[in-house]
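Comments concern the structure below.
The values are calculated or read from the model by the stated rules, or taken from the named source; none is laboratory data. None of the values given here were measured: they were computed from a predicted structure. Quick reminder, even Gly has a Cβ in these numbers, built from the backbone with ideal geometry, and neighbours come from all protein chains shown. Side chains included, ligands, DNA and RNA excluded: accessible areas come from the protein's heavy atoms. Shrake-Rupley method; radii C 1.70, N 1.55, O 1.52, S 1.80 Å.
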Amino acid sequence: MSTNKSITHVILTGGVGSRLWPLSRKSLPKQYLEIFEGKSLFEMTVDRNSHLANKVMVIGNVDNHHLSEKVMSKSNTDYINVIEATPRNTAAAIAFAAFASDPDDILIITPSDHIIDQMENYNEAINEAVLKAKEGFIVTFGVIPIKPETGYGYIEAKGDKVISFREKPNETTAKEFIARGNFLWNSGMFCFKASVLLEELKQFQPDVYEKSKAVWESSKEGFLDLELSLEIPSISIDYAVMERSKKIKVVPASFSWSDLGSFESVYDYLVSKGHPVDRNGNMVIGCNKHTVFLGLKNTIFVYTDTANLILQKQNSQDVKDVYTELERQNSDLLN
């Protein structure tokens, strides 16, 4: 048996990025926006992993797979295409990736909308994870935190052992986590052998396993059936497998990482790349028109053709409420 097992980079493209409205829309979610030095987050994700894997798989959906296709053809990358008929959360998406693979394939699962720097540390973490995955472990990546962030889940760790998974904390709890020193940001990246993930899913969440399997087996050229898909319970992989399995290991990683889930994190990233701000920390995104801020500090002005958003940087998490309200009104401004 050859020791050089196939490594597949699986890219999850499901999110809409509701906290980045009005830049991020259903028709152009945040991972496809080319606002990061002329590239999209999706394209950066493909580039970053191209030398680490010998196959690429994209788990998309009916609304966005044509956008993924554009990126993949731009970077001239062959890929396995899996197109969900309806979002069923990460347990199902990851199950499809495993069903679409050979049992011994090592899968590296990454979201398509994260920013990662310090590539040497990143490559080191991936290589360590692949070794553990070959031994039959399911590996999660815990990023060593640089601040008490309330927007991320945490992993309580001891070496490479996971003690517990924690939900997004409030400010006080986040500070406590950082002070304790053995808490890591839960990056939503994983590495495992396809067969191991499926065995664990079958054990802990047999309904997700069986129903995802039925959907996969009836798929046509990567397109998944809507009616059968609706029967799959919508459960996250953390809840379905990570929090229950005895085969979990964590790789504590020191690459710099952000899920760019809010305008505050986009602001910090753009500042680090030299995007202009005025002397009071005000920033314009999406427009080159001369803009003056009077009597305002740390304000972000987001410009699009059909909607503008003006917010204080510290209110970034509240954009989700605006999105939810527009959704309730069935507004065209989300498309």
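Below is a table of values for the structure above.
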{"read-out": "Every pair of residues 6+ apart whose Cβ atoms lie under 6 Å, when the first sits in the stretch 221-248 and is more than 22 Å from residue 57 (Cβ to Cβ) while the second is loosely packed, with under 15 Cβ neighbours inside 10 Å", "value": "233/207"}
{"read-out": "Failed criterion for residue 197 (all others in (1) under 19 Å from residue 243 (Cβ atoms); (2) assigned to a helix (DSSP H, G or I); (3) open to solvent by 10 Å² or more (accessible area, probe 1.4 Å); (4) touching a residue at least 40 places away in the same chain (Cβ under 8 Å) hold)", "value": "(3)"}
{"read-out": "Test for residue 151: is it modelled with pLDDT of 95 or more, open to solvent by 10 Å² or more (accessible area, probe 1.4 Å), over 18 Å from residue 45 (Cβ atoms) and assigned to a loop (DSSP other than H, G, I, E, B)", "value": "no"}
{"read-out": "Selection count, the stretch 32-60, where residues are without any contact (Cβ under 8 Å) to a residue 60 or more places away in the chain, assigned to a strand (DSSP E or B) and in contact with a helix residue (DSSP H, G or I) (Cβ under 9 Å, 6 or more places away or on another chain)", "value": "6"}
{"read-out": "Output for the stretch 154-179, where each listed residue is open to solvent by 20 Å² or more (accessible area, probe 1.4 Å), part of a helix (DSSP H, G or I) and touching a residue at least 12 places away in the same chain (Cβ under 8 Å)", "value": "171, 175, 178"}
{"read-out": "Residue selected from the stretch 13-35 under the condition open to solvent by 30 Å² or more (accessible area, probe 1.4 Å) and of a type outside the set (D, E, K, R), by the criterion nearest to residue 256 (Cα to Cα)", "value": "35"}
{"read-out": "Residue count, the stretch 108-122 (criterion: part of a helix (DSSP H, G or I) and out of contact with any Phe, Trp or Tyr (no Cβ under 9 Å at 6 or more places or on another chain))", "value": "0"}
{"read-out": "Residues of the stretch 1-31 classified as free of Cβ contacts under 8 Å to residues at least 60 places away in the same chain and either of a type in the set (Val, Ile, Thr) or touching a strand residue (DSSP E or B) at 6+ places or on another chain (Cβ under 9 Å) (or both), total", "value": "2"}
{"read-out": "Extreme residue, farthest from residue 84 (Cα to Cα), among residues of the stretch 229-270 that are open to solvent by 60 Å² or more (accessible area, probe 1.4 Å) and assigned to a helix (DSSP H, G or I)", "value": "268"}
{"read-out": "Residues of the stretch 281-326 classified as open to solvent by 90 Å² or more (accessible area, probe 1.4 Å) and in a helix (DSSP H, G or I), total", "value": "2"}
{"read-out": "Residue 38 vs. criteria among the small types (Gly, Ala, Ser), under 28 Å from residue 124 (Cα atoms) and either surrounded by 15 or more Cβ atoms within 10 Å (Cβ to Cβ) or at pLDDT 95 or above (or both)", "value": "no"}
{"read-out": "Some residue of the stretch 128-140 being open to solvent by 40 Å² or more (accessible area, probe 1.4 Å), part of a helix (DSSP H, G or I), out of contact with any helix residue (DSSP H, G or I) (no Cβ under 9 Å at 6 or more places or on another chain) and in contact (Cβ under 8 Å) with a residue 12 or more places away in the chain", "value": "yes"}
{"read-out": "Test: residue 67 is crowded, with 24+ Cβ neighbours inside 10 Å, in contact with a strand residue (DSSP E or B) (Cβ under 9 Å, 6 or more places away or on another chain) and under 23 Å from residue 286 (Cβ atoms)", "value": "no"}
